[in-house]
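Undergrad: For reference, the structure I am asking about is given below.
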Amino acid sequence: MYKIYPKTFFLGQIIQYLPSCQSTNDEASALIAQTDPSEGTLVITDNQTAGRGQRGNQWEAKSGQNLTVSLILKPSFLAATEQFWLNIAISLGIYDALQPLAGDTLRIKWPNDIYVGDQKLGGILIENILHGYNIEWSIVGMGLNVNQTEFGYSTATSLQLQAPLPNSYDLPGLLSRLCETLEQRYLQLRSGQRDVLKINYLQILYRYQEEHTFEASGHTFRGTIIGIDATGRLAISSDDQVQYFNFKEVSFLVD
C-alpha cells in the first residue's frame with residue numbers, strides 16, 4: 001500500500017500502487033481502457049523498468065528513491081490545439097511544490113523539464129486521448145529525482161543533491177504536497193485563469209529573456225527566448241527576427 005493524505009478535492013484521493021511496472025503512463029492508459037477511473041487518480045510505482053521521456057527518451061531512476069507517478073485527468077474543457085496549457089499548469093504545480101526545497105534556481109525548461117541551474121531534476125510526459133476536437137483524457141507522467149544521488153549523466157540532479165537532508169526526503173509526504181499544488185494549478189486552468197498561468201510560467205522559464213546559444217536544423221545561433229505562442233511553440237528572437245519552434249525542433253546548448 002502507498003498511503004498519502006493530501007488536502008485536495010479529488011487529486012490523489014485514489015491511488016493505484018504498483019511495486020514495479022514498465023511504465024506508469026502505460027498502466028494509467030490501461031486503467032482508462034478497462035474502467036472509467038475517477039479524475040485525479042494516481043498510478044505510482046517504486047520501480048519503473050521502462051520509463052520514457054518526451055518522444056521516447058529513456059528516464060533513469062533508481063528503485064524506491066524517486067517519485068515516478070502518472071496522474072489521470074479529464075480536461076474536456078481544452079481543445080486538442082490547447083493542450084500546452086495543461087503542460088503549463090502541471091509545470092507550475094511541480095514548481096510550487098519543489099521551489100521551497102530546491103531554492104531560487106529552480107526553473108521550468110521548455111517544454112517539459114524541471115531544472116535546477118543547468119541540471120535536470122525532473123521531467124513531464126503528457127499523453128492525451130482525444131474525443132472529436134477536445135481532450136477526453138490526459139495521462140500526466142512525472143518523474144522527479146528526490147533521494148537518488150548517483151546518475152549516469154552529469155546533467156542530472158536531485159533534491160537530495162541540491163538540498164540534502166540527513167535522513168533523506170519523505171516520498172509520501174512530498175507526493176501529498178505535490179497533489180495539493182497540482183490541483184490548485186489545474187483548478188486555475190479549469191476556471192479560465194490563463195493570463196495568470198502564463199505570467200507565472202514565463203517568470204520561471206529557463207533562460208527566459210537571456211541571450212544563449214541554440215541549435216536548429218543543424219545550425220547554431222545566438223538568440224533570446226521571448227515567450228511562447230498560443231499552441232506552446234517557443235519564440236526565440238535572433239538577428240531582429242522571431243522564430244517559433246515546436247518540440248524537438250530546437251536544442252539548448254551550453255554556452
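Undergrad: Of the heavy-atom accessible surface of the chain (probe 1.4 angstrom), what whole percent is carbon and sulfur?
TA: Heavy-atom surface of the chain belonging to carbon and sulfur, 1.4 Å probe: 47 percent.
Undergrad: Can you give me the span-like helices of the chain, meaning DSSP H runs with 27 Å or more of Cα extent along the axis and Kyte-Doolittle mean at or above 1.0?
TA: Working: long enough: 171-190 (28 Å, -0.16).
Helices meeting the span and hydropathy rule in the chain: none at all.
Undergrad: Now, a different point. Work through the residues other than PHE221 whose Cβ is under 12 Å from its Cβ and net out their charges, Lys, Arg +1 and Asp, Glu -1.
TA: -2
Undergrad: In addition: Write down the accessible area per residue of region 15-204 in Å², having rolled a 1.4 Å probe over the full set of protein chains.
TA: Spelled out: the 1.4 Å probe surface of region 15-204, per residue, equals 42 Å².
Undergrad: Mean separation of Cα pairs under 8 Å and 6+ residues apart, divided by the residue count of the chain: what relative contact order is that in percent?
TA: Dividing the mean separation by the residue count of the chain yields 18 percent.
Undergrad: State in Å² the accessible area per residue of region 210-252; use a 1.4 Å probe, count heavy atoms of protein chains only, and round to the nearest integer.
TA: Details: 2470 Å² over 43 residues.
Accessible area per residue, region 210-252: 57 Å².
Undergrad: Counting Lys and Arg as +1 and Asp and Glu as -1, each charge on the Cβ, what is the dipole of the chain about the Cα centre in debye, to the nearest 20?
TA: On the way: 18 positive and 26 negative charges, 67 e Å.
It works out to roughly 320 debye.
Undergrad: Between THR49 and ASN167, what is the label-point separation in nm under the 7 Å Cα-to-beta-carbon projection?
TA: Label-label distance for ASN167 and THR49, simple model: 3.3 nm.
Undergrad: Sticking with this one: For LYS120, which lysines qualify as cross-link partners when the Cα separation must be under 23 Å and same-chain residues fewer than eight apart are set aside?
TA: Partners within reach: LYS62, LYS109, LYS198, LYS248.
Undergrad: Net charge near ILE14, counting Lys/Arg +1 and Asp/Glu -1 over other residues with Cβ under 14 Å of its Cβ? Present the calculation step by step, with values, prior to reporting the outcome.
TA: Numbers: positive: LYS3, LYS74; negative: GLU27, ASP36, GLU39, GLU183.
Net local charge, ILE14 excluded: -2.
Undergrad: Name the residue, out of GLY192, GLY141, GLY93, whose mean-square fluctuation peaks in a Gaussian network model built on the chain with Cα pairs under 10 Å.
TA: Sorting by GNM fluctuation, first place goes to GLY192.
The values are calculated or read from the model by the stated rules, or taken from the named source; none is laboratory data. This structure is a prediction, so every number in the text was calculated from the model and none was measured. Counting neighbours? That spans all protein chains shown, and the Cβs are built from the backbone with ideal geometry, glycine included. Quick note on the areas: whole protein, heavy atoms, side chains included, nothing else; ligands and nucleic acids left out. Shrake-Rupley method; radii C 1.70, N 1.55, O 1.52, S 1.80 Å.
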